[in-house]
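**Student:** Below you'll find the structure I mean.
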Amino acid sequence: MTTPEFADEVVTKALVQYVEVPGLDGEIALITLDNGHDHTRPSTFGPGGLASLDAALDAVEARTPAVRAIAVTGKPFIFAVGADLSGVPVLQNRDQALELGRTGHRVFRRLSDASVPTFAFVNGAVMGGGLEVALHARYRTLSAGAAAIAFPECFLGLVPGWGGTQLLPNLIGADKAITVILENALNQNKMLKAKQAYELGIADALFEPADFLERSLEWAAGVLRGDIAVNRPEIDRGQAWDDAIDRGRAFLDAKLHGAAPAPYRALELIALARDADLTTGTAAEDEALADLVMSDELRAGLYSFDLVQKRAKRPVGVPDKSLARPVTKVGVVGAGLMAGQLALLFAQRLEVPVVLTDLDQGRLDKGIAYAHAEIDKLAGRRRLSPDRANRLKALITGSPTKDAFADADFVIEAVFEDLKVKQQVLAEVEAVVSETCVLATNTSSLSITDMASRLAHPERVVGFHFFNPVAVLPLLEIVRADRTDDATLATAFAVGKKLKKSCVLVKDRPAFVVNRILTRFMGAVTSAVDEGTDFEVADRSVEPLGLPMSPFVLLQLVGPAVAHHVSETLHEAFPDRFSVSENLARLVAARKTAIFTWDSGTQQVDPEVAALFQQGDTPLTGEQVRDRALEAIAQEVRLMLDEGVVAEAQDIDLCMLLGAGWPFHLGGITPYLDRTGVSERVTGRRFLPAGVASLPA
Amino acid sequence: MAASTRDVVFVDGVRTPFGKAGPKGMYAGTRADDLVVRVIRELIRRHPELPPERIDEVALAATTQIGDQGLTLGRVAGLLAGLPKSVPGYSIDRMCAGAMTAVTSVAGGIAMGALDVAIAGGVEHMGRHPMGEGVDPNPRIISEKIVDPSALVMGQTAENIHDRYPHLTKERCDLFALGSQQKYAKALADGKIGQDLVPMATRSAEKGWGLASADEPPRPETTIEGLRGLKTPFRPQGRVTAGNAAGLNDGATGCIMAAEDTARELGLPVAMRMVGYSFAGVEPEVMGIGPVPATEKALKRAGLTIDDIGLFELNEAFAVQVLALLDHYGIDDDDPRVNPWGGAIAIGHPLASSGVRLMTQLAHHFAERPEVRYGITSMCIGIGQGGTVIWENPHYTGSDAK
């Protein structure tokens, strides 16, 4: 059995030079991993890359006289960033997947089994299989400038299965390995900085980037001569190892409730690494890799990764960017919390004057004060220099009248969610600004077409729907109203890109994408409670999805009042599918902000909330609630696609990944609905063909 | 307040190994600024007793100040090397004598009390920046016959010296060149050369990273027969060949210069004490004789004569121009005081960097030869100049020692 070639593999070549280091007799074989592209296309390992490294090691071993040592480094700024995942769809069966794992192990193992000492000079970004190459070497140096150090496998739906789960815990201890392999990966794929990695014990020496390779070779010569002793702390293989595994399991259960298989497999492998020899451990990795490569969760994970990496950066259906107009001044109508957040974001990213207006001087002062205080906070944490803080503060000003917008190119309103109020605000703005000034609205559910209908230039109005907190959540739904023209849309996308948001083009349909799906989903859960289902049962019903938070915790985050308002809007538009919960209305009227309370130390239904709720007497099981919720989502997504809210199911998934934080292993949502059969049961067909975000048919 | 005059000392110098310019050279894929940054970092590492914030200036030379040799290299290289942002820097161009001029410039600043410690050096990556890249000679140079057109081609200026001094024959030049190769080979074998070198990572997209730890240009296999048979690219039946001239090279040098009182304060070693220096102009079409008037002038100003000079580090741009100086002073072609470890004909001549190589080597000779009190470093300069720096040996043990 051999691994099939990856047709599009950008092969990382292992280039060998034999170098003489002053003060050391003999040669060091210096292997450079280089895929022939610059740092924007990092080196990865597919079958071709593994074969090249294998051949390089053959050549090195055949060298006479024998080399003193073998060292591996990378092209500028990049060591290597792991397996070539673009080839995964090529793997059609488990045997092929198994073989790819074994090939990687066999080749990398040559570095740990070599007859001479081996070194990894980690000069730059190192992830996954790249880090595993380094871990197979006997010694490691690390550049203080290395940008990204991580095992992202569990984030995608794999395990670090080319030795990572065995070598890392045996190098730095199980607890730290769990931090790197599980916690960091599942915490939005957090990367280590070089200094952190060094302090964790991943590298034996840390050198500045300016002369990293020279210093590394000099250091290696010192080690080879015996002048430099490499001391590593003893690893605790006793209770500490078990404690670490327990901690890892608790972390996973809290985060995933068993929803994704890969991190649990990684945990098992780390547990195994305590006593297993490397051969046994890597054989177990092979099996785990083969199982996971042939899992729908991984295929959905790779699909999600691709959406986030590519589709998010090249939105579909957007007018040519050459149509975009320059934006040299921004106006923000309103001075509430949202307006303050928007002002800060625009000032930071566009670096143009941002003027807030509010009729109420008190509110205006508060809005400006909020933005300035946030800038001070960033400066206090040294995230901004004092000069930059001064610059940003000077950019954000306030005005009690809209005259200050006269020379603005882009005005966004963030006033109360009321159509009439917004219509009036836009008309007032239009009276002041130029004919081409873009008017954006941050509405979360109102019709933008209606909002623009009374303007002289409705073609300049566009929806700009951010997610709270604005500085953190990466999604921006850009809404094309019926009359929005291409120049306006192109300008909106150009601004969105400068704001570093992932922009998705959506049609002017009620609540757009994320809020419409979440509201439908929440509606199903809430109505189950209304009908008599226990709060906890309903709330925990969707745990098997591994969502970032449970429905009622989400309700608390969004705020019952906002959720209620959106559900009313959607009810008005689609009365047959979106109900308005009387219980939710009572919650809002009573100014309750949460279902649960944690005052006692554990989660409990707030007794006041329980008292407010008037429940029926037909409770559902958790499974029934979950089925209802998923069926509701499937129906809604199909209708949204039929209405043309977005171009494709991929956009729905992208929105759910970035706007709701729904997990990679669900693929957003449609891959999960497809693979669980919900799509076909509810709508008669799948959202995506088999193989796109799932195993091939 | 009158400006004070302080003694200026050469503390230490290093260089990268020199490479052959061109696509096959070892630095073909390595940036010029990276070469000189490496040199600065090595100087700092070799001298932990020097707090980097005490460096008052970084003066770096390059002849072709564009691309990776541009952008006020002295400033940018300091930043790239990790020197404190408070340390200033500037760039210098006096063609081949760039690094020498960097040294004399900071020496002037030190002498008058404007600086205490400085880094001076140079870099030339003639592979990335061939001589004459981007030049735009003023048409008046031709129309008013300000400079003979041959003055812009260094090999032709060397042929012109042969015309002027017919007794400096091709055979003498070839023998001198052979001696340069042989002296270098012996110095290398004796472990002399390596002490100045800082190994340099070499980048190649095709071959991967390597490490330059030795000079690339030397040809220890050189024979007199081989030299006699080489082509004369500048003239038919000419005398200047690739064998009796320095090649086209890549490399960087650097040194620490200090006021002697500051050196003592910080515990910096004193390798050489600067006695004086001069630059002088000559007809551009015989630029190679520039060292003669420069040396005359420097000696006169220092109150010394050529007989006081016990060691010579002369840049071998062309054998004939070295012989012109030796001939002027009646020094034998193979005088052992001259270029004891060989010169640029063997080692290479990355234009603006070479001056500090001469000084670094003279410093080593001084340490080995306490009986010698004075030495000179001298070099010819394109467009008709010469430069000479006179140094005193701090290790001198003669009866008239300070």
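The values are calculated or read from the model by the stated rules, or taken from the named source; none is laboratory data. For clarity, every value in this text was computed on a predicted model and none was experimentally measured. Note that each Cβ is placed from the backbone with ideal geometry, even for glycine, and that neighbours are counted across all protein chains shown.
**Student:** Being over 19 Å from the mean Cα position of the chain (by Cα), among the β-branched types (Val, Ile, Thr) and farther than 26 Å from B:PHE18 by Cα narrows it down to one residue among B:THR232, B:THR262, B:THR223; which is it?
**Tutor:** B:THR262
**Student:** I'd like to check something: does the range A:382-393 contain any residue that is on the phi < 0 side of the Ramachandran plot and over 31 Å from the mean Cα position of the chain (by Cα)?
**Tutor:** yes
**Student:** Another one. Report yes if some residue within the range A:533-546 is of a type in the set (A, V, I, L, M) and either within 22 Å of the chain's Cα centre (by Cα) or not assigned by TED's automatic domain parsing to the domain that holds A:VAL588 (or both); otherwise report no.
**Tutor:** The answer is yes, given that some residue of the range A:533-546 is of a type in the set (A, V, I, L, M) and either within 22 Å of the chain's Cα centre (by Cα) or not assigned by TED's automatic domain parsing to the domain that holds A:VAL588 (or both).
**Student:** So which residues in the range A:25-53 are touching a Gly at 6+ places or on another chain (Cβ under 9 Å) and either within 10 Å of chain B (Cβ to nearest Cβ) or without any contact (Cβ under 8 Å) to a residue 40 or more places away in the chain (or both), if there are any at all?
**Tutor:** A:LEU30, A:ILE31, A:THR32, A:LEU33, A:ASP34
**Student:** Can you tell me which condition A:GLY145 does not meet? The list is (1) surrounded by fewer than 24 Cβ atoms within 10 Å (Cβ to Cβ); (2) touching a helix residue (DSSP H, G or I) at 6+ places or on another chain (Cβ under 6 Å); (3) more than 14 Å from chain B (Cβ to nearest Cβ), and all the others hold.
**Tutor:** The number of the failed condition is (3).
**Student:** Give the residues of the range A:379-397 that are part of a helix (DSSP H, G or I), free of Cβ contacts under 8 Å to residues at least 12 places away in the same chain and crowded, with 16+ Cβ neighbours inside 10 Å, sorted by residue number.
**Tutor:** A:ALA379
**Student:** What number goes with the only condition from (1) in a helix (DSSP H, G or I); (2) at pLDDT below 95 that A:SER579 does not pass?
**Tutor:** Going through (1) in a helix (DSSP H, G or I); (2) at pLDDT below 95 one by one, A:SER579 breaks only (1).
**Student:** Regarding A:ALA134, is this residue small (Gly, Ala, Ser) and more than 18 Å from A:ASP84 (Cβ to Cβ)?
**Tutor:** For A:ALA134, the condition - small (Gly, Ala, Ser) and more than 18 Å from A:ASP84 (Cβ to Cβ) - is not met.
**Student:** May I pose another question? Which ones in the range A:54-86 are surrounded by fewer than 21 Cβ atoms within 10 Å (Cβ to Cβ), of a type outside the set (Ser, Thr, Tyr) and more than 14 Å from chain B (Cβ to nearest Cβ)?
**Tutor:** Residues satisfying the conditions are A:ASP54, A:ASP58, A:GLU61, A:ALA62, A:ARG63, A:PRO65, A:ALA66.
**Student:** Let me ask another. Just to be sure I understand, how many residues within the range A:438-467 are surrounded by 24 or more Cβ atoms within 10 Å (Cβ to Cβ) and in contact (Cβ under 8 Å) with a residue 40 or more places away in the chain?
**Tutor:** Number satisfying all stated conditions: 6.
**Student:** Pairs only if they're at least six apart or on different chains, beta carbon under 8 angstrom, first in the range A:244-255 and over 11 Å from A:ALA266 (Cβ atoms), second among the charged types (D, E, K, R); list them, first residue then second.
**Tutor:** A:ALA244/A:ASP175; A:ARG247/A:ASP175; A:PHE251/A:GLU183
Table: residues versus (1) more than 14 Å from chain A (Cβ to nearest Cβ); (2) in contact with a Gly (Cβ under 9 Å, 6 or more places away or on another chain).
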| site | (1), (2) |
| --- | --- |
| B:ASP34 | no, no |
| B:VAL39 | no, yes |
| B:GLU42 | no, yes |
| B:GLN65 | yes, no |
| B:GLY78 | no, yes |
| B:SER86 | yes, no |
| B:ALA107 | yes, no |
| B:LEU115 | yes, yes |
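**Student:** From the list A:GLU477, A:GLU435, A:GLU413, A:GLU428, pick out the single residue that is in contact with a helix residue (DSSP H, G or I) (Cβ under 9 Å, 6 or more places away or on another chain), farther than 17 Å from A:VAL566 by Cα, crowded, with 23+ Cβ neighbours inside 10 Å and of a type in the set (D, E, K, R).
**Tutor:** Result of the check over A:GLU477, A:GLU435, A:GLU413, A:GLU428: A:GLU413.
**Student:** Within the range A:604-630, track down each residue that is within 12 Å of A:GLY532 (Cα to Cα) and either part of a loop (DSSP other than H, G, I, E, B) or outside the structural domain of A:VAL525 (by TED's automatic domain parsing) (or both).
**Tutor:** A:PHE613, A:GLN614, A:GLN615, A:GLY616, A:ASP617, A:THR618, A:PRO619, A:LEU620, A:THR621
**Student:** A follow-up question, please. Name the one entry in A:VAL562, A:VAL558, A:VAL513 that is out of contact with any His (no Cβ under 8 Å at 6 or more places or on another chain), β-branched (Val, Ile, Thr) and modelled with pLDDT of 95 or more.
**Tutor:** A:VAL513
**Student:** Now for a different question. Out of the residues in the range A:148-168 that are more than 21 Å from the chain's Cα centre (by Cα) and hydrophobic (A, V, I, L, M, F, W, C), which is surrounded by the fewest Cβ atoms within 10 Å (Cβ to Cβ)?
**Tutor:** A:LEU167
**Student:** OK, next. Among the numbered conditions (1) within 32 Å of the chain's Cα centre (by Cα); (2) part of a loop (DSSP other than H, G, I, E, B), tell me where A:PRO22 comes up short.
**Tutor:** (1)
**Student:** Would it be correct to say that A:ALA71 is of a type in the set (Gly, Ala, Ser) and either closer than 29 Å to B:SER213 by Cβ or at pLDDT 95 or above (or both)?
**Tutor:** Against the criterion (of a type in the set (Gly, Ala, Ser) and either closer than 29 Å to B:SER213 by Cβ or at pLDDT 95 or above (or both)), A:ALA71 qualifies.
**Student:** Right, here's the next one. Kindly provide the set of residues from the range A:605-623 that are of a type outside the set (Asp, Glu) and exposed (fewer than 15 other Cβ atoms within 10 Å of the Cβ), ordered by number.
**Tutor:** A:PRO607, A:ALA610, A:ALA611, A:GLN614, A:GLY616, A:THR618, A:THR621
**Student:** Looking at (1) of a type outside the set (A, V, I, L, M, F, W, C); (2) farther than 18 Å from B:GLY290 by Cα; (3) assigned to a helix (DSSP H, G or I), which is the one condition that is false for B:PRO336?
**Tutor:** Result: B:PRO336 passes all but (3).
**Student:** Residues of the range A:330-378 being within 22 Å of A:LYS498 (Cβ to Cβ) and without any contact (Cβ under 8 Å) to a residue 12 or more places away in the chain, which ones?
**Tutor:** Selection gives A:LEU378 alone.
**Student:** Looking at A:LEU555, A:LEU547, which one is assigned to a helix (DSSP H, G or I) and surrounded by 16 or more Cβ atoms within 10 Å (Cβ to Cβ)?
**Tutor:** After ruling out the rest, the residue left standing is A:LEU555.
**Student:** Does A:GLU435 fit the bill of being part of a loop (DSSP other than H, G, I, E, B) and among the charged types (D, E, K, R)?
**Tutor:** Considered against the rule, which asks whether it is part of a loop (DSSP other than H, G, I, E, B) and among the charged types (D, E, K, R), A:GLU435 comes out as yes.
**Student:** Report every pair of residues separated by at least 6 positions or lying on different chains whose Cβ atoms are under 6 Å apart, first residue within the range B:308-337 and aromatic (Phe, Trp, Tyr), second part of a loop (DSSP other than H, G, I, E, B).
**Tutor:** Partner pairs satisfying both residue conditions: B:PHE312/B:ARG337.
**Student:** Which of the residues spanning the range A:202-230 are in contact (Cβ under 8 Å) with a residue 60 or more places away in the chain, in a helix (DSSP H, G or I), out of contact with any strand residue (DSSP E or B) (no Cβ under 7 Å at 6 or more places or on another chain) and within 13 Å of another protein chain (Cβ to nearest Cβ)?
**Tutor:** Listed by number, the residues that qualify are A:GLU218, A:ALA221.
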